[in-house]
Amino acid sequence: MIQHAPWFEEARLGMFVHWGIYALPARHEWVMNQEEITVEEYSKYFQRFDPDLYDPREWARAARDAGMKYVVLTTKHHDGFCLWDSALTDYKATNTPAGRDLIAPYVEALRAEGLKVGFYHSLIDWHHPDFTVDGVHPQRNAADVEILNAGRDMGRYREYLHGQVRELLSNYGTIDYLFFDFSYADTKIGEFWGGKGADDWDSERLLAMVRELQPGIVVNDRLGIPGDVVTPEQYQPTEPMMLHGQAVTWEACQTLNGSWGYHRDNLNYKSVDLLIRMLVDGVSNGGNLLLNIGPTGRGSIDPRALASLQGIGQWMKLHSRSIYGAGPAQFTAPTDARYTQRGNRLYVHLFAWPFEYIHLPGLAGKVEYAQLLNDASEVFLKEVDPDQEAFNTIPGGQPPGTLTVKLPVQRPDVAVPVLELYLKESARD
C-alpha cells in the first residue's frame with residue numbers, strides 16, 4: 001500500500017478524462033501523429049475550440065454516480081495544448097474561443113463531490129519548438145528532419161516541462177494524483193527511434209520537485225524511474241503484479257472503445273458487464289481500474305459513454321463493498337468466479353451463473369453465513385461427503401475441504417452476481 005496515500009488502493013475505481021482540441025477532429029487523440037499533421041495545419045482546431053457545454057460539475061457527478069473515487073484529466077496531451085492559463089506558453093485554452101482556464105473549475109467540481117483530484121501531464125510536446133523530432137513525432141517522416149531539428153534544444157524544453165508542472169502543482173491547492181505520460185527511451189519498438197526517457201526529462205529532479213510541492217501526491221511510473229503506481233494500459237494483468245518478489249500497487253488504464261479522446265465513429269464499445277468483470281478481475285489481483293471517457297469538442301460526455309457509466313453505477317450501488325477497500329483473497333476461486341476479500345468478508349463474483357450449486361474449494365468449515373449481496377438474501381451452505389456416490393438424482397461427492405453453496409435457479413438481475421460470505425474468525429489470516 002502507498003503509505004502516504006492509502007486512499008488510492010481503497011478507492012479501486014477512477015475516471016480518466018482525455019480532452020483537448022483533438023476532440024474537434026473526433027478521430028483519436030493521436031490524430032496529429034497518425035495523420036502526420038503539422039503544427040500549422042493543426043492550428044485550425046486551436047482556433048475553433050469553443051466548449052460551450054463544458055460543465056465539470058456534470059463530469060464529477062457522473063463519476064461519483066458510477067462509484068468512482070478519483071478523476072484524472074489531461075492538463076496537456078502530446079499535442080502540447082494546455083487546458084490552463086499557463087504563463088509559459090500562448091498555446092492554451094485562454095487564447096481559444098473558450099477564453100478561460102478550464103482546470104480551475106474542474107478541480108473545484110471534484111472537491112465539491114468529494115472526489116480525489118488527478119492531473120495527467122504529457123512529457124511529450126509536438127507543438128513546442130525545442131522538442132526534437134523523433135520516431136513518435138508527427139513529422140518523423142518529413143524529408144528535412146535534420147533541418148527541423150537544427151537549433152532545437154531539449155534542455156530548454158526540459159525547463160519548460162518542469163515549469164509547467166510547477167504551475168499545476170502550485171496554483172490549484174492539493175492535488176492527489178499525477179499521471180505522467182510517457183517515456184520511450186531504449187524501447188525495442190523499432191519505429192520509436194530517438195526515443196526519450198528519464199535523462200531527457202531530468203526525471204529525478206522533476207519527481208523531487210513534485211514531492212516537495214505536493215508531499216502526499218501519488219505519482220505513476222512513466223517517468224522512466226520508479227513511481228508509486230504501475231500503469232498497465234489496454235490489457236488486464238492475470239495475476240498480482242510483482243517486483244523483486246513483492247506485490248506492487250497497480251492500476252489498469254482502460255478505454256470504453258479503444259480510443260482515449262473523443263472518436264465519433266468508433267463503435268467498438270465494451271458492454272457494461274464486461275467493464276464490471278474487468279474491474280472485479282483487477283481488484284481480485286490487487287489493482288485499480290482507471291476507466292476513460294473522451295468528452296466532445298463542446299465539452300459534454302458522449303451519450304454512449306454516459307450510458308456505460310450509469311450501468312456501472314447501478315451495479316456499484318448494490319455491490320461496492322466487494323470493491324472499495326477490498327483486494328486479493330487468501331483462497332483460490334473456482335472457474336468462472338473471482339474472489340475479493342475485505343476483512344472477514346469474502347466476495348464471490350460469479351462470471352457465469354451455475355445451476356443450483358457452486359462448489360468452493362478449501363472453504364469447508366470456514367464460513368458462518370452467506371448471502372447474495374444485491375438483496376442480502378440468504379443462501380444455504382452444505383458440505384457433501386467426499387465419498388458420496390453419484391446415483392440418479394444424488395450428486396457425487398466433492399473433494400475434501402469443499403464448501404457447496406446452494407443458489408436460486410434464477411440468476412439475480414444484475415451484471416455480475418456476488419455472494420457475500422462471512423468467514424469464521426479461525427479462517428482469517
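Values for this structure:
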{"read-out": "Only listed residue being over 30 Å from VAL272 (Cβ atoms), acidic (Asp, Glu) and either open to solvent by less than 30 Å² (accessible area, probe 1.4 Å) or in contact (Cβ under 8 Å) with a residue 40 or more places away in the chain (or both), chosen from GLU425, GLU356, GLU389, GLU420", "value": "GLU425"}
{"read-out": "Verdict on ASP79 being acidic (Asp, Glu), in a loop (DSSP other than H, G, I, E, B), buried (at least 24 other Cβ atoms within 10 Å of the Cβ) and touching a helix residue (DSSP H, G or I) at 6+ places or on another chain (Cβ under 9 Å)", "value": "yes"}
{"read-out": "Residue count for the stretch 341-353, restricted to those that are open to solvent by less than 30 Å² (accessible area, probe 1.4 Å) and out of contact with any His (no Cβ under 9 Å at 6 or more places or on another chain)", "value": "4"}
{"read-out": "Contacts under 7 angstrom Cβ, first residue in the stretch 51-75 being at pLDDT 95 or above and assigned to a strand (DSSP E or B), partner among the basic types (Lys, Arg) and open to solvent by 10 Å² or more (accessible area, probe 1.4 Å), 6 or more apart", "value": "TYR70/LYS116"}
{"read-out": "Selection count where residues are of a type in the set (Gly, Ala, Ser), in a helix (DSSP H, G or I) and without any contact (Cβ under 8 Å) to a residue 40 or more places away in the chain, scope the stretch 145-167", "value": "1"}
{"read-out": "Residue check for ILE301: within 18 Å of the chain's Cα centre (by Cα), farther than 24 Å from TRP19 by Cβ and of a type in the set (A, V, I, L, M, F, W, C)", "value": "no"}
{"read-out": "Residue list for the stretch 14-31, filter: more than 18 Å from VAL107 (Cα to Cα) and assigned to a strand (DSSP E or B)", "value": "ARG27"}
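For every residue, the table says whether it meets (1) surrounded by fewer than 21 Cβ atoms within 10 Å (Cβ to Cβ); (2) at negative phi; (3) in contact (Cβ under 8 Å) with a residue 60 or more places away in the chain.
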| residue | (1), (2), (3) |
| --- | --- |
| LEU83 | no, yes, yes |
| TYR91 | yes, yes, no |
| PRO105 | yes, yes, no |
| ILE124 | no, yes, yes |
| PHE131 | no, yes, no |
| ARG140 | yes, yes, yes |
| ALA143 | yes, yes, no |
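The values are calculated or read from the model by the stated rules, or taken from the named source; none is laboratory data. Just so you know, these numbers come straight off a predicted model, no measurement behind them. Cβ coordinates were reconstructed from backbone atoms using ideal geometry, including for glycine residues, and neighbour counts include every protein chain displayed. In case anyone asks, the SASA skips ligands and DNA or RNA and just uses the protein heavy atoms, side chains included. Shrake-Rupley method; radii C 1.70, N 1.55, O 1.52, S 1.80 Å.
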